[in-house]
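What follows is a short report on a single structure.
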Amino acid sequence: MHVVRKTSYDQDMRLFAHRGVAFWYGVLAIAALLAPLALNTYYLSQLTFVCVYAVAGAGLMLLTGYAGQVSLGHAAFLAAGAYTEAILQAHGIPFVLSLPAAAAVAAALGLAVGIPALRLTGIYLAVATLAFAFIVEEILARWESVTRGNFGIAVDTLAIGSLRFDAEWKFFYLALGVLVATLLAVRNLLRTKTGRALVALRDSTIAAQSLGVHLAWYKTAAFGLSAGLTGLAGALYAHKIAFISPEQFTIMVSVELLVMVVVGGLGSLHGAVFGAAFIVALPQAIVFAKGVLGISGSGQAAVDAGVFGLLLLLFMLYEPQGLYGRWVKVRYYLEVFPFYRRATFRRQKTYARTERLQ
Amino acid sequence: MRAFVEFSQQVLSGAALGCIYALIALGFVLIYKATEVVNFAQGELMMLGAFLGYTFISLFGLPFWLGLPLAVVCMAGIGGLLDRIVVRPIVGQPVFAIIMVTLGMGFVARSGASLVPAWGVDTHVFATPFTGKVASIGPLVASHDQLAIMTTTAVLVAVLFLFFRYTRIGIAIQAASQNQLAAYYVGIPVKTICSLVWGLSAAVAAVAGILLAPVVLVHANMGFIGLKAFPAAVLGGFGSIPGAIAGGLIIGVVESLAGFYLPEGFKDVAAYVVLLLVLAIRPQGLFGEGLRKKV
């Protein structure tokens, strides 16, 4: 077990806690770069999906995991990014400009939601974002002159100058690049004053306010940033799927994104990536399990949704820290073997505390 | 004159739909008040209630007036069990965890219902004594289904009011909803009360489901109507029973009027637009108390 001896406050703010961590991330980076050599097109495509979802996950993690604001409407920001990208591309705007534009449009929408959301908390906020997402979905379906309504828009292959991302591995590298950039950006943001303000906001609004955190400013910023990142993911998603229509951005997608960060592990960027991998791998795992058990493929969609819900239930009941929490426990178990004690990670129950205003 | 009749007709049918929203919203609010759990699976409880009604009445051929109470009692049992098995282990965790648990419950219920052989993913219909009959009140026309929905809602609300006001259990529930810890200290079995409230709420949902069945047909996704009842509960101020009823009626009427007077597409979002407008002005909902957090 590696014990870090801290001798200065700067150490707490380092990007990597110690050299070992940096080493393992390096190994991971090399493995990711070599992935196209080892995997066939199908698995590489799935891995690309993991990257795209993880970008959206990082966005939602920033809002829900770090700033503590629930959003049941993130599909709207995903849609904003995807549609902006598709429409701009159809007008011949180069990708280098349309990608930031997609993020900017989504971020602007996020700010528009964030400002009224300032006065809302808890369930009111959740339902307000839900309402917002429904309205956006309806606009996408009805504003036919721009979005072509329920017919949807076909999205061309991505190209930067003469470089066309027509092969799976090319797009994979692009998605991976965006993911790494996003994760580094969010990680760096969290190391700054803004990041600490967001966490303070989550843990206690009143304490944060007393310490001089400008609630309105940081809440709005959290919504804007989160929406912007989700819009970025939306733009990539549009290119990956090559066809977008309003049905791809329903309330179920919002719930899926939320499940992603919860199952991954709230309050950790690892969680966003783990959650994305979980979401992408689950349907495959179900098909595989069915094959092993020899069950015929009737009602696939229903079984998928049921297993999805059941896993969500079991995670909340038995592993509320998500996949990342489980990973931390397993690692700790191995590090201190054989001195692991169950009580180390026991959940605190707070019966007397009420979140309701008295 | 004709315009006025048209308007009243829309208000009438909107109110009937609004009563269904109100009943589901009532279920949300009951659970929230007593246990501080926001139950995102309320719409699915209604769906299960409707399916049980369909099973008893259409599949087993029981008379309506026997099938209805049977379905309601079964749902009450299921509600109590859900509280005991799924919700209780998570009491004391943050609200967010509980929201996710109930969302998961909704997924499982929907998928479970579509996997039951006789239920499946098809739509079903069952006959109630009100089906196909129409009454006219002056120039207005209302189907018996709509009248039944409105009457039942009114009766149910009155009964619940009397129950909370005058019975021992009702008062105990009120006490538990005001302060669980204090309720424990004066000897109220708060755990039992929680299960009871879940049962009550599931029973109300079952009534709503069976009343709604002739209007929208029974199918595994009918629980999505709960997503409309949510704005209703929030509009009224989450945690206020009169608020839930008023919110449901407002949403129902607004939706019906928007569907009639505004271009296509506005009907589905009218509820949400109204909700956002109200929340922008009154963040605590129409009937919610404007409390501020104290340290």
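The values are calculated or read from the model by the stated rules, or taken from the named source; none is laboratory data. From a predicted model like this one, the values you see are computed outputs, not experimental measurements. Backbone-built Cβ (ideal geometry, glycine too); neighbour counts: all protein chains shown. Heads up: the accessible areas ignore ligands, DNA and RNA and are worked out on the full protein's heavy atoms, side chains in. Shrake-Rupley method; radii C 1.70, N 1.55, O 1.52, S 1.80 Å.
Cβ-Cβ below 6 Å, separation at least six or inter-chain, first residue in the stretch A:264-286 and open to solvent by 20 Å² or more (accessible area, probe 1.4 Å), second in a loop (DSSP other than H, G, I, E, B): which pairs?
Qualifying pairs under 6 Å: none.
Could you count how many residues in the stretch A:185-219 are in contact (Cβ under 8 Å) with a residue 40 or more places away in the chain and more than 14 Å from every other protein chain (Cβ to nearest Cβ)?
So the answer is 10.
Given the conditions (1) under 16 Å from B:LEU30 (Cα atoms); (2) in contact (Cβ under 8 Å) with a residue 40 or more places away in the chain; (3) under 19 Å from the mean Cα position of the chain (by Cα); (4) more than 10 Å from chain A (Cβ to nearest Cβ), and given that B:MET150 satisfies all but one, which numbered condition is not satisfied?
(1)
Scan the stretch A:303-358 for residues that are facing another protein chain (nearest Cβ under 10 Å) and either modelled with pLDDT of 85 or more or closer than 22 Å to B:VAL101 by Cβ (or both) and report the count.
27
Count, please, the residues in the stretch A:83-103 that happen to be within 20 Å of the chain's Cα centre (by Cα) and surrounded by fewer than 17 Cβ atoms within 10 Å (Cβ to Cβ).
Count: 1.
Mind checking which helices (runs of 4 or more DSSP H) fall wholly inside the stretch A:165-254 and carry at least 1 residues that are open to solvent by less than 40 Å² (accessible area, probe 1.4 Å), touching a Ser or Thr at 6+ places or on another chain (Cβ under 8 Å) and closer than 17 Å to A:GLY81 by Cβ?
A:168-190, A:215-241
Taking interchain pairs and intrachain pairs at least six residues apart, which have beta carbon atoms under 7 angstrom, with the first residue in the stretch A:22-50 and assigned to a helix (DSSP H, G or I) and the second open to solvent by 90 Å² or more (accessible area, probe 1.4 Å)?
The qualifying pairs are A:PRO36/A:TRP169; A:LEU44/A:TRP169.
Would you check which residues across the stretch A:84-120 are β-branched (Val, Ile, Thr) and without any contact (Cβ under 8 Å) to a residue 12 or more places away in the chain and list them?
A:ILE93
Among the numbered criteria (1) surrounded by fewer than 18 Cβ atoms within 10 Å (Cβ to Cβ); (2) away from chain A (no Cβ under 13 Å); (3) closer than 30 Å to B:TYR54 by Cβ, which one does B:ALA208 miss?
(1)
Just wondering, is there one or more residues in the stretch A:25-45 that are within 17 Å of A:GLY234 (Cα to Cα) and among the β-branched types (Val, Ile, Thr)?
Within the stretch A:25-45 (the criterion being within 17 Å of A:GLY234 (Cα to Cα) and among the β-branched types (Val, Ile, Thr)), the answer is no, since none of the residues qualifies.
For the condition of a type in the set (A, V, I, L, M), closer than 23 Å to A:LEU266 by Cα and open to solvent by 10 Å² or more (accessible area, probe 1.4 Å), what is the one hit in A:LEU37, A:LEU47?
On inspection, the qualifying residue turns out to be A:LEU47.
Would you point out which residue out of A:VAL280, A:VAL292, A:VAL287, A:VAL261 is at pLDDT 85 or above, more than 14 Å from every other protein chain (Cβ to nearest Cβ) and assigned to a helix (DSSP H, G or I)? Don't jump to the end; show me each part of the working.
Values: A:VAL292 fails: at pLDDT 85 or above; A:VAL287 fails: at pLDDT 85 or above; A:VAL261 fails: more than 14 Å from every other protein chain (Cβ to nearest Cβ).
Of the residues listed, the single one that is at pLDDT 85 or above, more than 14 Å from every other protein chain (Cβ to nearest Cβ) and assigned to a helix (DSSP H, G or I) is A:VAL280.
Only residues that are open to solvent by 80 Å² or more (accessible area, probe 1.4 Å) and within 19 Å of A:ALA277 (Cα to Cα): list them for the stretch A:315-346, please.
A:GLN321, A:ARG326, A:TRP327
For the stretch B:55-68, state whether one or more residues are in a loop (DSSP other than H, G, I, E, B), touching a helix residue (DSSP H, G or I) at 6+ places or on another chain (Cβ under 9 Å) and within 14 Å of another protein chain (Cβ to nearest Cβ).
no
What is the number of the single condition among (1) small (Gly, Ala, Ser); (2) assigned by TED's automatic domain parsing to the domain that holds A:THR157; (3) over 16 Å from the mean Cα position of the chain (by Cα); (4) at negative phi that A:GLY59 does not meet?
Of everything listed in (1) small (Gly, Ala, Ser); (2) assigned by TED's automatic domain parsing to the domain that holds A:THR157; (3) over 16 Å from the mean Cα position of the chain (by Cα); (4) at negative phi, A:GLY59 misses just condition (3).
Restricting to the stretch A:115-150, give me the number of residues that are at pLDDT below 85, under 23 Å from A:PRO246 (Cα atoms) and in contact with a Ser or Thr (Cβ under 7 Å, 6 or more places away or on another chain).
Result for the stretch A:115-150: 1.
Listed here are the residues, each with its yes/no results for (1) open to solvent by less than 20 Å² (accessible area, probe 1.4 Å); (2) away from chain B (no Cβ under 14 Å).
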{"site": "A:PHE134", "(1), (2)": "no, no"}
{"site": "A:ARG148", "(1), (2)": "no, yes"}
{"site": "A:GLY152", "(1), (2)": "yes, yes"}
{"site": "A:VAL155", "(1), (2)": "yes, yes"}
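Restricting to the stretch B:127-136, give me the number of residues that are open to solvent by 40 Å² or more (accessible area, probe 1.4 Å) and in contact (Cβ under 8 Å) with a residue 60 or more places away in the chain.
Residues in the stretch B:127-136 being open to solvent by 40 Å² or more (accessible area, probe 1.4 Å) and in contact (Cβ under 8 Å) with a residue 60 or more places away in the chain: 4 in total.
Determine whether B:ASP83 is of a type in the set (Asp, Glu) and surrounded by 15 or more Cβ atoms within 10 Å (Cβ to Cβ).
Spelling it out, B:ASP83 is indeed of a type in the set (Asp, Glu) and surrounded by 15 or more Cβ atoms within 10 Å (Cβ to Cβ).
Take the residues in the stretch A:104-129 that are open to solvent by less than 10 Å² (accessible area, probe 1.4 Å) and of a type outside the set (A, V, I, L, M); name whichever of them is nearest to the other protein chains (Cβ to nearest Cβ).
Ranking the candidates gives A:THR129 first.
Between residues in the stretch B:179-203 that are closer than 23 Å to B:GLU44 by Cα and within 14 Å of chain A (Cβ to nearest Cβ) and residues that are modelled with pLDDT of 85 or more and part of a helix (DSSP H, G or I), which pairs lie under 7 Å by C-beta distance while being six or more apart or on different chains?
That search, which allows pairs on different chains as well, returns B:CYS194/B:ASP83.
Table: residues versus (1) in contact with a Gly (Cβ under 9 Å, 6 or more places away or on another chain); (2) on the phi > 0 side of the Ramachandran plot; (3) in contact (Cβ under 8 Å) with a residue 12 or more places away in the chain.
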residue	(1), (2), (3)
B:PHE28	yes, no, yes
B:LEU48	yes, no, yes
B:LEU66	no, no, no
B:VAL73	no, no, yes
B:ARG84	no, no, yes
B:VAL95	yes, no, yes
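Open to solvent by 20 Å² or more (accessible area, probe 1.4 Å), among the aromatic types (Phe, Trp, Tyr), assigned to a helix (DSSP H, G or I) and within 14 Å of chain A (Cβ to nearest Cβ): which single residue out of B:PHE224, B:PHE230, B:PHE287, B:PHE260 fits that description?
So the residue among B:PHE224, B:PHE230, B:PHE287, B:PHE260 that is open to solvent by 20 Å² or more (accessible area, probe 1.4 Å), among the aromatic types (Phe, Trp, Tyr), assigned to a helix (DSSP H, G or I) and within 14 Å of chain A (Cβ to nearest Cβ) is B:PHE224.
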